[in-house]
Amino acid sequence: MKKINKILIQSASRAEFYIQKNLINKLSNHFSITLLIHGDTIKKIDKKEILKSFGKNIKIIISKTNYSQSNNPTFVSASFTKQVYFISKNITKFKPDISMIFGDRTDALALAVSSLIHKVPVVHLHGGEVTLGSIDEKIRHSISKISDIHFVSHNNYKKRLIQLGEINKNIKNFGSLELDRIDKQKFKSKRELKKKLKLKDENYVLISINSEINSQQSKMITKNILKALEFNKDYVKIISMPNSDPFSDEVSQEILHYKKKPNFQIFNSLNRYYTDVLKNAKFVIGNSSSIVYVAPFLGVPSILVGDRQKGRILSKSIIKTGYNLKQIVSSIKKIKGKTNRCKIYFKKDTMGLITNYLKKINLENFKYKRFIDLKI
C-alpha cells in the first residue's frame with residue numbers, strides 16, 4: 001500500500017486563497033505541503049499577509065505568472081502558458097504524490113494539465129457544478145475528467161460526475177469548504193468594519209460582480225446594477241472589484257465610472273474581510289458565487305443577476321433576475337430583511353472529512369483511470 005506523503009496545492013486567485021488556507025494548514029499536520037502562490041493571488045493580496053497565513057512547515061513558492069494586467073483572451077492564454085511551465089517545473093522539483101485543485105479557472109486548468117502530463121493523480125474540489133453563463137463551465141468539466149478523486153458540495157453534483165463517467169466510490173460529498181470555514185468564523189461588527197475599512201456608513205449594500213460569458217453581457221450587467229442603485233440614498237453601495245477573468249476589464253471600467261460618486265465606495269479587494277462585510281450587509285447583489293453559497297448560509301438577502309451562476313442549485317431565499325434595468329429595480333424592491341439560513345451546501349467539519357479521507361488513500365489504486373459507462 002502506497003500512502004500520500006507529498007501534496008502540491010496552488011492559490012492563483014484571491015477568492016480561493018481565503019477558502020483554502022485553513023484546510024492547507026490542517027493538511028500540513030499530516031502531509032508535506034508545497035504551495036504555489038501566483039496569478040491573481042499576488043496581484044490582490046499582500047505578500048506579508050500570504051506568508052503570515054500559513055505554518056512554517058509549508059513550502060511556499062511565489063511567482064508572477066500573469067502575462068499582463070489585462071484580462072483579454074489573448075493575455076489570459078499567454079498567462080496560461082506561463083502557469084503550465086511554472087507548475088511543471090515545480091512538479092519536477094518536488095515530485096508530489098497528488099495535486100489538489102480548487103475551483104474552475106484557467107489557472108486551475110493549468111495545474112490539472114501539468115499534473116496529467118507528469119502522471120500525478122489529481123484531487124478536485126467543487127466538480128460537477130453547472131454555470132452556463134461563464135467560461136468556467138467548460139473548464140470545470142475538463143478538470144473533472146483529468147481528476148481521480150472528487151470532493152463535491154451536493155449530491156446532485158456527484159450524480160453529474162457519474163454521468164461524466166467518473167467512478168462512484170471516488171466521489172465524496174463533503175459539502176462546501178467555504179461554509180465549513182465560515183461556520184467557525186468569528187465575525188466583526190459593523191462598527192469594527194467601519195473603523196477598519198473606513199466605511200462611509202454602517203448601513204450599506206454589497207455589490208459583487210464578475211464577468212459574464214462575453215463582453216456585451218459583462219458591460220450590461222455592471223451598468224444596470226449600478227444604475228439601479230445610483231439614486232438610492234438610504235445606504236452606501238460597497239463594491240468589490242471583479243476577479244481576473246476574461247472580460248473582467250469591461251466590468252472594472254464600468255465600476256470606475258462611479259469612483260467619485262458620494263454614496264459609492266470601491267475596494268480593489270475586501271480580502272479577508274469579504275465575508276464580514278457580506279454578513280453585515282443590508283443585502284448583496286451581483287453574480288458572484290458567494291450569492292449562491294455564502295449569503296443564504298448567513299441569512300443575508302441576495303439578488304442574483306444574469307447567467308453566470310445559471311445551473312447551480314439555488315436557495316429559495318435568492319431573488320433571481322435578468323439583465324434588464326427594470327427587472328433589477330423590481331428585484332431590489334422585493335428585499336424585506338434577513339432571511340432564514342439555508343444549509344443545502346453545508347456539511348459539518350468538511351476539512352476534517354477531507355483530511356481523514358486522504359490519509360486512507362492507497363495510491364496504487366490510481367495508476368489507471370477507467371471511464372464508467374452508464375446503461376442507457
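Counting other Cβ atoms within 10 Å as a rough exposure proxy, the listed residues THR74, THR34 run THR74, THR34 from fewest neighbours to most. Averaging 1/r across all pairs of distinct Cα atoms in the range 256-376 and inverting the result yields a Kirkwood radius of 17.7 Å.
For the range 300-326 versus the range 76-114, the inter-centroid distance based on Cα atoms is 32 Å. Can you pull the one-decimal nm distance between simple spin-label points at ILE167 and ASN155, each 7 Å off the Cα toward Cβ? Label-label distance for ILE167 and ASN155, simple model: 2.4 nm. For the range 152-295, the mean projected area of the C-alpha convex hull, equal to one quarter of the hull surface, is 10.2 nm². Annotation: aspartates and glutamates with alpha-carbon distance below 14 angstrom to LYS82 (same-chain offsets under eight excluded): ASP40, ASP107.
Taking the average, over residues, of other Cβ atoms within 10 Å as the packing measure, peptides 357-368, 145-156, 175-186, 228-239 rank 145-156, 175-186, 228-239, 357-368 from highest down. Quick one: Cα centre-to-centre distance for the range 197-264 and the range 333-361, in angstrom? Centre-to-centre distance over Cα atoms comes out at 28 Å. Within a straight-line Cα-Cα reach of under 12 Å, LYS190 can be paired with the following aspartates and glutamates, leaving aside sequence neighbours fewer than 8 residues apart in one chain: ASP201, GLU202, ASP276.
With the simple model of a label 7 Å out from the Cα in the direction of the Cβ, ILE372 to SER77 spans 3.7 nm.
The peptide list 206-219, 110-123, 343-356, put in order of mean Cβ contacts within 10 Å with the highest first, becomes 206-219, 110-123, 343-356.
Going by C-beta contacts inside 10 Å, put ARG308, ARG191, ARG272, ARG140 in order with the fewest on the left.
Ordered from fewest to most neighbouring Cβ atoms within 10 Å, ARG308, ARG191, ARG272, ARG140 come out as ARG191, ARG272, ARG140, ARG308.
The overall shape of the range 1-154 is rounded: from the C-alpha gyration tensor, with semi-axes ordered a ≥ b ≥ c, the ratio a/c is less than 1.5.
What the Cα atoms of the chain give is an Rg and a Dmax of 20.3, 65 Å. In straight-distance terms, cross-link reach from LYS195 covers every one of the lysines whose alpha-carbon lies under 19 Å from its own, apart from those fewer than eight places away in the same chain; here that gives LYS186, LYS237, LYS279, LYS282.
Under a 5 Å amide H cut-off, with hydrogens placed 1.01 Å from N, SER317 pairs with nothing among residues at least 5 apart or on other chains. Each peptide in 246-259, 4-17, 318-331 was scored by the mean count of other Cβ atoms within 10 Å over its residues; highest first, the order is 4-17, 246-259, 318-331.
The residues packed around SER218, meaning those with a beta-carbon under 12 Å from its beta-carbon, carry a net charge of -3 if Lys and Arg are +1 and Asp and Glu are -1.
Fully extending the segment from LYS260 to LYS316 would add 16.6 nm, taking 0.36 nm per residue of separation and subtracting the current Cα-Cα distance.
Values quoted throughout were computed directly from the atomic coordinates according to the rules given, and no laboratory measurement underlies them. These numbers come from a predicted model, not from an experiment. Note that each Cβ is placed from the backbone with ideal geometry, even for glycine, and that neighbours are counted across all protein chains shown.
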